[in-house]
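Visitor: Could you have a look at this structure, given as structure tokens, before my questions?
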Amino acid sequence: MAARDPAVGRRAFVAGTGAALLTGAVAPADARAAAVEGPAAAADGRTAVVEGPLPDFHPALRAELTFPLAWGNSPIRDFRAWRRAARAKVEELLVVGSQDRTPYAPEFTDRRRQDGYTSESVTLSLTRHERVRAALLTPDGPGPFPAVLLLHDHGAKFDIGKEKLVRPWYDDTRLASAQGWSERYFSGRFVGDELARRGYVVLCADALGWGDRGPLAYDQQQALASNFYNLGSSLAGLMAREDARAAGFLAGLDRVDRGRVAAVGFSMGAFRAWQAAALSDDLAAAAAVCWMTGLKEMMVPGNNTLRGQSSYYMLHPGLPRFLDFPDVASIAAPRPMLFFDGGLDPLFPADGVRAAHDRLRAVWRSRHAEERLHLKSWPDLGHVFVDRMQDEVFSWLDTVL
């Protein structure tokens, strides 16, 4: 196991978010359940909070979401002007401030030859606040190569992040955990290593809370997010900014063909992939597996997002007053985009997926680029990115990059 840089990793996470957050007492489970799930009676005896918990007037709030900045709803009729306006609104509501231009200052370590490619760690500054360690895989050969920014999922599993997608060659404990995750969601494959063998440079970093930057506990996510808000910043906004910056770093490597870089992700990583494509012109394409829906269709009693917690990694306050999820993804149009969903996925209701796909299809059609949009539902699959889905994504990347 390689030595760890004391400037990054778990200690950096504790220092950056406050040790009290990680070590402080947590309310007993029954007290939390009562606070979160128990209905609250209004003064006139009505129930003010209903299933979810949702306010009893949530249908009225949903009805007010008309997404006036969406393409087709917006009064802006020039698509390039609309893209600029929509991206500017998203960037404004990331909360974290203007784009960070801190030099990346990469340091390369832990280099190891593999079968057909080389693995190494790279530590870089994605923001001015913290150095982040990422996995970087480079195919054998002279290059320059096409490249993939690989974005890991959430899964409420924080001991590994990048290791969910790139086989950890530097830590046997993480390898054991990663292999179990790979068997559960990826047919036993490490997606990053598969891509490297196919000739792609791959970059994969931990989001805040995972792997070297954690581990966070599930019930600490809301506190972490609220602390960001109290500090005038945003957890979801930080992740969005870091992913866009990571795309810029990858595209700028000498070994990479700058015009052939894609983002690929599963679950929360899928959200990150289409979001990064919307925010960064360094990405020529994006593939998102198991994260696309209409917001209104998702905000219904029983949906997982109503628990809070993990939702804060994908929550930009105020954005739904202007744009729905597919509207944000459409900022990347008419670049090639792939969206897969599982027909048995309990996290994304079928009506929400259909609504989002219809919206995406309309935008790409308006650009006379519908052939660049690949939408597919796998009726026999749930929330997974199994080998046959991977193979189709790999073939699609070979075609569009």
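The values are calculated or read from the model by the stated rules, or taken from the named source; none is laboratory data. Nothing here was measured: the structure is a model prediction, and the numbers come from that model. Cβ placement follows ideal geometry from the backbone for every residue including glycine, while neighbour counts extend to all protein chains displayed. Side chains are part of the model used for accessible areas, which takes the heavy atoms of the whole protein and leaves out ligands, DNA and RNA. Shrake-Rupley method; radii C 1.70, N 1.55, O 1.52, S 1.80 Å.
Visitor: What figure, in Å² to the nearest 10, do you get for the accessible area of Lys157 with a 1.4 Å probe and non-protein molecules left out?
Guide: 50
Visitor: Could you list which residues have their amide H under 5 Å from that of Phe339, counting only those 5 or more apart in sequence or on another chain, with H placed in the peptide plane?
Guide: Ala288, His374, Leu375, Lys376
Visitor: With every protein chain in place, what's the accessible area of Asp345 (1.4 Å probe, Å², nearest 10)?
Guide: Asp345 exposes around 10 Å² with every protein chain in place.
Visitor: Normalised by the number of residues in the chain, what is the relative contact order in percent for Cα pairs under 8 Å and 6+ residues apart?
Guide: Rounded, it is 18 percent for the chain.
Visitor: Rank Ser377, Ser366, Ser98 by accessible area, highest first, at a 1.4 Å probe radius?
Guide: These residues rank, largest area first, as Ser98, Ser377, Ser366.
Visitor: So which trypsin sites (Lys or Arg not before Pro) in the stretch 91-126 pass both tests, a DSSP loop state and at most 15 other Cβ atoms within 10 Å of the Cβ?
Guide: Those that pass, being in a loop and sparsely packed, are Arg101.
Visitor: Among DSSP beta bridges lying fully in the chain, give the percent that are antiparallel, nearest 5.
Guide: The antiparallel proportion sits near 45 percent.
Visitor: Then there is this: Given 0.36 nm per residue, what is the gain on full extension from Arg111 to Gln99 after removing their alpha carbon distance, in nm?
Guide: 1.2 nm
Visitor: In the stretch 155-222, carbon and sulfur make up what percent of the accessible area (probe 1.4 Å)?
Guide: Within the stretch 155-222, the accessible surface is 43 percent carbon and sulfur.
Visitor: Next question, about the same structure. How much solvent-accessible surface does Arg62 expose, in Å² to the nearest 10, with a 1.4 Å probe and all protein chains in place?
Guide: 70
Visitor: Then there is this: Hey, what's the chain come to in accessible area per residue, 1.4 Å probe, Å²?
Guide: Per-residue accessible area for the chain comes out at 42 Å².
Visitor: While we're looking at this one, here's another question. Just from its helices, what would the mean residue ellipticity at 222 nm be for the chain, if runs of 4 or more DSSP H residues each count -39500 (n - 2.57) and the sum is divided by every residue, rounded to the nearest 500 deg cm²/dmol?
Guide: -10500 deg cm²/dmol
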